[in-house]
Amino acid sequence: MPRVVLVGNLAQLTGGVAEFELSATSVKQLYQQLTELHPAIGPHLETGVAVAIDGQIFQDTLLEPIGPDSEVFLLPQIAGGF
Amino acid sequence: MAKHHIETTVNGDEIEFLCETEETLLDVLRDTLHLTGSKEGCASGDCGACSVMLDGRLVCSCLVLGCEVGGRRVETIEGMAKGEKLHPLQQRFLEHAALQCGICTPGFLVASKALLERTPDPTEHEIRYWLAGNLCRCTGYDKIVSAVMDAAVTMRKG
Amino acid sequence: MAETMANGQSQTYVGTRTIRPDGVDKVTGRARFGADFNLPGQLIGRVLRSPHPHARILSIDTAKAEALPGVKAVITRDDFADQSSEFIPAGEMMMNYKDVVRNVMAREKALYEGHAVAAVAATSVAIARRALKLIDVKYEVLPHVIDVVEAMRPDAPLLHDDLFTAGVEPKPEQPSNIAKRVEIVLGDVEAGFQKADVIVEREFKTAPVHQGYIEPHAALASVSEDGATELWCSTQGHFIVRAHCARLLGLDIGRIRVTASEIGGGFGGKTVVYLEPLAIALSRKAKRPVKMVMSREEVFKASGPTSGATVRVKMGATKEGKFVAGFAELKYQAGAFQGSPVQPGVMCAYAPYDIENVKVIGYDVVSNRPKVAAYRAPGAPISEFAVESVVDEIAKKLDIDPIDLRMQNAAREGTKAAYGPKLGPIGMEETLNAIKKTEHWNAPLRKWQGRGVASGFWFNIGGETSASLTVNEDGTVSLMAGTPDIGGLRASLAMVAADELGVPYDKVRPIIGDTGSLGFNFLTGGSRSAFSGSMAIVEAAKQIKTELCARACKLWDLKPDQVEFAGGQVKALGAAAEKVKPMSIADFAKVAGKTGGPIGGYGRINAQGAGPSLGTHLVDLEVDPETGRVTILKYTVAQDAGRAIHPSYVEGQFQGGAVQGIGWALNEEYIYGADGKLQNAGFLDYRMPVASDVPMIDAILVEVANPKHPYGVRGVGETPIVPPLGAIANAMEAATGIRFTELPMSPPKVLKALKERGLNKV
Amino acid sequence: MRYEAPESLEGAVALLAGATGEARVLAGGTDLLVQMRADIVDPELIVDIKKIAETRAVTEEQGGWRIGAAVTGAELKEHARLKQAWPGVVEAANLIGSTQVQGRATLGGNLCNGSPAADSVPALIAAGAVATLAGPQGKRDLPVEDVMLGPRKLALRKGEILVSFLLPPRPPRSSDAYLRFIPRTEMDIAVVGAGVSVTIDGAGTITAARVSLGAVAARVLLVPEAARAIVGSRLDAAAQQRLETAARAACQPIDDKRGTTEFRIDVAGVLTRRAALIALDRARAN
């Protein structure tokens, strides 16, 4: 099962739990499963997290697939300057 | 009071215009004559983006009143290329990638031309000090200095 | 010059130093920047700005101004509907429009000197200026706070009575100037320090600095009687401007057409709106076009610089030089509204290194300064300056060469980044090696001269991008992109298109389309425009190639697997090759009508896979011990570009970023008086480097291909501003023996430090 | 706002004397135009003096040099013999602003702008220059150090204009130098400026000196104590020390965006010493 890690302040919305093992096969499913476990995180997932799947950062995606052994990090989105 | 009626020469053309006392040469060039190649970066003589030649002298057009230029000779970036032929400085700026955003470029070109006309073989030091009144925020000046040195070589060969 | 890359594409142009297609316009003065555009019947707009850093606006009386002949419209807070306080998406960014609407036009309070309070549109500059003087604003002046540490105190003047610190549990009961607390934790930092043989802890302070683009903000709006809105402005993202203006003015996005002018520098500062909604509101009221241009003073006072900050860093290493723990606490000024770049500052602080235990805490703090805007690698230069200074100190303590120490701890492919996920291939080691191989690294130094090195990291981003390629009747190609070209984007995209389609570079004419011409584009920022734009062009070219192959099949009566596109031609394969003559793009163009109509491709992507770019900078400088003046003698940049599409413009990014960093390190700063007013709102006293302040900047292109990009490209624009601050501070230490922890290292500060140690003698 | 460009001194004086509102003289305009743009001044009348011949000439007079008030820095730099005689004055004039500003900025404007940080003024004072003024009551001469009374305050009377400067004859074995401190290399206002003029005898002993400091008080200072500290010496280490001490003692600077009080005082000593050493070197070569 993919391992999911919340980086930064997101864990404040999951009662301090920062690591999960979830059966999701896409980012959309991952968000659904996390929101079911911890409803408070739902709005934040919709409005502004980046997802790193096996090291590759996706700024904004719902459809990206997640493999059975993937490591997924949820990160704050990165703003750009130039 | 009535506007000043000024007759002058801009890039070799005899020009007439009307201006208020407080209008600068830069205002006149940009807003009245529609020669917008000279840029306003500061309106205080600190950035050089509005550089023009006035009777053969390099000046900031934001520090000259429009009513001062009657009977004088103004040269701007728009007069630098001759027909289809770019000035060697313009050509070298392109080849050396001596511009990024390009807002400071007209000022640098006018100032560099003034330098090479009086100092055909400038050192890097001379170029940097001559151009110290022209701010560029993109390039770090490196490629501008290289382009001017290279253009100087071309121009010395004639 | 032609070579073949992994994707099988013949590359004639990518990697060469072509002449930029927009170049001639820019060297002849023909290029039209923000202030160079005019419309018939246009009015001139001017803004009335608060003289106070913090004041309640009791009343605004515009009657006298409105009565002045020649004044056609006056707007105030009353012309903008209030917005609710929530973060909502606006063209890929999360914006709190309650703040945005207040920043473009003050509502209850003026929150910084220069805050817009009203605006007028008049038939001339002189009338507009007179009109501003006739607007009567009654203020109740309030106590102000400028410094970030003072603003965090419980008794500090409060900017917003509804601002409760986010990111702390339980939610605070009292409002404060601390908008947000963020943190990242990796491993166990306390346990890490237990293992350390050497621990260095320091506090650093940096001053806010401005992006310093030479072109002031400019906008020209024209709103017709039916509400159709056209806007011409200097921006890094016209689609973003459109989104903001639609929201602030209650307009449908489709009613607004925004054209990005040539842009005279942005560096992050032109990613937000200031004049644009005001110009539209004035034009809507006056029913005439309204042109607005900021003065340089307005740019300094009322557009966004980046944060000043106070940063505490504590790092531990074993005696062999392995970093075992890194802690940092960052307090960033946000300006009058929340939203400093502390989050990326937190994430980047330790990103160049492989450290098991990291904890970084950040605070976003409001104070009575202009709201910060992005500036090149937002947040990263500040936190990495502090960390790179401490790394240098650890190297000294352990007597390890500073490059070797960095090499030993360098993040590599597979390293768990300090902000969480594993890194792909990155060029940290390669840039360190490149620097070590330079002559510069071993050049002799004299007394009062010092050499410093530092590395820097920035993520880079991709994002939503649309671009089109159209094959014209004669076989030339029109290219349209939707991200403003600030530093040579059109050249890069034309090179990629030429290589993809096998047509000569000078037959590709690139333009930047307006918001009505293409699908959504995120802005030019995050070092994304060449990265994402080239991916969109590759996609558009693929569509053309597929289409041409399909048409060839029909013309030649062949099956799809019997033709291919290669070297700019569609060819038949195998036995069929002898029967039909390959067709070039130009050949197809001639028969386009007969074979199905116009030929084109349209790339619409959300670009992913931006690879971080690592850089290492090396600097030599000399200190005048009697005056504290610092001269930069020699400077070398090595940075991973992934693959440089146009090497000259990549070098230009390195060189320009380095010189901006030199300014940040040595002389640039926002200087406030006790009255809370900015004292140096001009290029004379806001001291950006001039040509004679800097030497040639040697640029070394390191190319560790980004596997996620068809050409291996990484973003390059932002990383170059990250290492200079640390490199210069480290060189200062080498020259003087003094660890400078406060930026800028301006002469009065340097001389004071030397004098305190009795070193102010030649 | 009226603009006039009279061709005679009398015409200019009459215009200024007859002005009802605020009147300003325009020479190079590099300060005036900036102040107008920033709403610091809003004159009713501008009198451009560049068409008046006396303000535009550089001539030899009584063995010295007369420099018109509206001569630009760029023109001074191109005047080889003046540069030979008064290198410090010419180099000071050439520190005012960029190349572009040099094409416009004048010695007269630099003084009449009334800034204590004006670059050319310490050099002129060290040189012993005298300003010639013309007004409704005729012409009068005033030592340059007496022209500026304080920030933006001049000794000029209503209707008076600055016409020219007279630099005295250069004795043999004498020269001058001007140094200023700025954080950048160019495009800054002096944080400290130091002008030194010296004359030495055949043995290399200083027989006469004038020292002037800019940007360290409300007006540009003539510092006789600093001159006395080195007259009779060959600028050995002890004399240098005395010079630094005397220069610092004369400073009464402000703390501002350009430098702290302490910094200005420290650097004033350093620059005075360095300028004196350069002037001495030049005097030896003359």
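The values are calculated or read from the model by the stated rules, or taken from the named source; none is laboratory data. If you're wondering where the values come from, they're calculated on a predicted model, not measured in any experiment. All Cβ positions, even for glycine, are placed from backbone atoms using ideal geometry, and neighbour counts span all protein chains on display.
State all residues of segment D:83-109 that are within 14 Å of another protein chain (Cβ to nearest Cβ), of a type outside the set (Ser, Thr, Tyr) and buried (at least 24 other Cβ atoms within 10 Å of the Cβ); if no residue qualifies, say none. Those that are within 14 Å of another protein chain (Cβ to nearest Cβ), of a type outside the set (Ser, Thr, Tyr) and buried (at least 24 other Cβ atoms within 10 Å of the Cβ): D:ILE96, D:GLY97, D:GLN100, D:VAL101, D:GLN102, D:GLY103, D:ARG104, D:ALA105, D:GLY109. Take segment C:323-367 and flag every residue that is part of a loop (DSSP other than H, G, I, E, B), in contact with an Asp or Glu (Cβ under 7 Å, 6 or more places away or on another chain) and of a type in the set (A, V, I, L, M, F, W, C). Those that are part of a loop (DSSP other than H, G, I, E, B), in contact with an Asp or Glu (Cβ under 7 Å, 6 or more places away or on another chain) and of a type in the set (A, V, I, L, M, F, W, C): C:PHE337, C:ALA349.
Scanning segment C:233-260 for residues that are in contact (Cβ under 8 Å) with a residue 40 or more places away in the chain, over 21 Å from the mean Cα position of the chain (by Cα) and either under 18 Å from C:SER517 (Cα atoms) or not in a loop (DSSP other than H, G, I, E, B) (or both) returns C:ARG247, C:LEU248, C:LEU249, C:ILE256, C:ARG257. Among residues that are touching a residue at least 60 places away in the same chain (Cβ under 8 Å) and either within 16 Å of D:ALA57 (Cα to Cα) or assigned by TED's automatic domain parsing to the domain that holds D:TRP86 (or both), D:ALA126 is included. Of all residues in segment C:667-695, those being in contact (Cβ under 8 Å) with a residue 12 or more places away in the chain and within 14 Å of chain B (Cβ to nearest Cβ) number 14.
Residues that are surrounded by fewer than 20 Cβ atoms within 10 Å (Cβ to Cβ) and within 30 Å of B:GLU22 (Cα to Cα) do not occur anywhere in segment C:76-93.
Residues in segment C:729-762 that are more than 14 Å from chain D (Cβ to nearest Cβ) and either touching an Asp or Glu at 6+ places or on another chain (Cβ under 6 Å) or part of a helix (DSSP H, G or I) (or both): C:ALA729, C:ASN730, C:ALA731, C:MET732, C:GLU733, C:ALA734, C:ALA735, C:THR736, C:ARG739. Considering only residues that are of a type outside the set (Asp, Glu) and either surrounded by fewer than 24 Cβ atoms within 10 Å (Cβ to Cβ) or assigned to a loop (DSSP other than H, G, I, E, B) (or both), which ones fall in segment D:113-124? D:ASN113, D:GLY114, D:SER115, D:PRO116, D:ALA117, D:ALA118 - these are the residues of segment D:113-124 that are of a type outside the set (Asp, Glu) and either surrounded by fewer than 24 Cβ atoms within 10 Å (Cβ to Cβ) or assigned to a loop (DSSP other than H, G, I, E, B) (or both). C:LYS64 is checked against (1) surrounded by fewer than 22 Cβ atoms within 10 Å (Cβ to Cβ); (2) in contact with an Asp or Glu (Cβ under 6 Å, 6 or more places away or on another chain) and fails just one. What number does that condition carry? With respect to (1) surrounded by fewer than 22 Cβ atoms within 10 Å (Cβ to Cβ); (2) in contact with an Asp or Glu (Cβ under 6 Å, 6 or more places away or on another chain), C:LYS64 is out only on (2). For segment D:1-30, a tally of residues being in a loop (DSSP other than H, G, I, E, B), within 22 Å of the chain's Cα centre (by Cα) and more than 9 Å from every other protein chain (Cβ to nearest Cβ) returns 1. In segment D:57-72, the condition of being closer than 30 Å to C:ALA691 by Cβ, assigned to a helix (DSSP H, G or I) and not charged (D, E, K, R) is met by no residue. Inclusion of B:GLY102 among residues that are within 12 Å of chain D (Cβ to nearest Cβ) and surrounded by 20 or more Cβ atoms within 10 Å (Cβ to Cβ) is not warranted.
Among residues that are within 13 Å of B:ILE144 (Cβ to Cβ), buried (at least 24 other Cβ atoms within 10 Å of the Cβ), touching a residue at least 12 places away in the same chain (Cβ under 8 Å) and not aromatic (Phe, Trp, Tyr), B:LEU89 is included.
Residues considered: C:ALA349, C:ALA334, C:ALA380, C:ALA328. Of these, the only one that is touching a Cys at 6+ places or on another chain (Cβ under 6 Å) and at pLDDT 95 or above is C:ALA380.
Here is the figure for segment C:682-715: residues that are among the hydroxyl-bearing types (Ser, Thr, Tyr) and within 22 Å of C:MET745 (Cβ to Cβ) total 2. Just so you know, in segment C:643-666 the residues that are under 22 Å from C:ILE632 (Cβ atoms) and more than 10 Å from chain B (Cβ to nearest Cβ) include one that is nearest to the chain's Cα centre (by Cα), and it is C:TRP664. Could we say that C:ALA377 is on the phi > 0 side of the Ramachandran plot and among the hydrophobic types (A, V, I, L, M, F, W, C) here? The answer is yes for C:ALA377.
Condition check ((1) under 14 Å from B:GLU68 (Cα atoms); (2) within 11 Å of chain B (Cβ to nearest Cβ); (3) of a type outside the set (A, V, I, L, M)) across all residues:
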position	(1), (2), (3)
D:LEU33	yes, yes, no
D:ARG37	no, yes, yes
D:LYS50	yes, yes, yes
D:GLU60	no, no, yes
D:GLY63	no, no, yes
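Of the numbered criteria (1) loosely packed, with under 14 Cβ neighbours inside 10 Å; (2) in a helix (DSSP H, G or I), the one C:GLN174 fails is (2).
The listed residues are B:LEU131, B:LEU116, B:LEU109, and the only one of them that is of a type in the set (A, V, I, L, M) and surrounded by fewer than 24 Cβ atoms within 10 Å (Cβ to Cβ) turns out to be B:LEU116.
Note on segment A:45-54: among residues that are at pLDDT below 85 and surrounded by fewer than 19 Cβ atoms within 10 Å (Cβ to Cβ), the one that is farthest from the other protein chains (Cβ to nearest Cβ) is A:GLU46. Quickly run through segment B:80-106 and pick out the residues that are at pLDDT 95 or above and either within 30 Å of D:GLU4 (Cα to Cα) or of a type in the set (Asp, Glu) (or both). Across segment B:80-106, the qualifying residue is only B:GLU95. The set of residues in segment B:6-61 being within 17 Å of the chain's Cα centre (by Cα), of a type in the set (A, V, I, L, M) and assigned to a strand (DSSP E or B) consists of B:VAL10, B:VAL52, B:MET53, B:LEU54, B:LEU58, B:VAL59.
Every condition in (1) within 25 Å of C:GLY475 (Cβ to Cβ); (2) buried (at least 24 other Cβ atoms within 10 Å of the Cβ); (3) among the polar types (S, T, N, Q) holds for C:GLN543 except the one numbered (2).
One line per residue, one yes/no per condition, for (1) within 14 Å of another protein chain (Cβ to nearest Cβ); (2) modelled with pLDDT under 95; (3) surrounded by fewer than 20 Cβ atoms within 10 Å (Cβ to Cβ); (4) part of a helix (DSSP H, G or I):
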{"site": "C:TYR419", "(1), (2), (3), (4)": "yes, yes, no, no"}
{"site": "C:ILE426", "(1), (2), (3), (4)": "yes, yes, no, no"}
{"site": "C:PRO444", "(1), (2), (3), (4)": "no, no, yes, no"}
{"site": "C:GLY452", "(1), (2), (3), (4)": "no, no, no, no"}
{"site": "C:SER455", "(1), (2), (3), (4)": "no, no, no, no"}
{"site": "C:ASP474", "(1), (2), (3), (4)": "no, no, yes, no"}
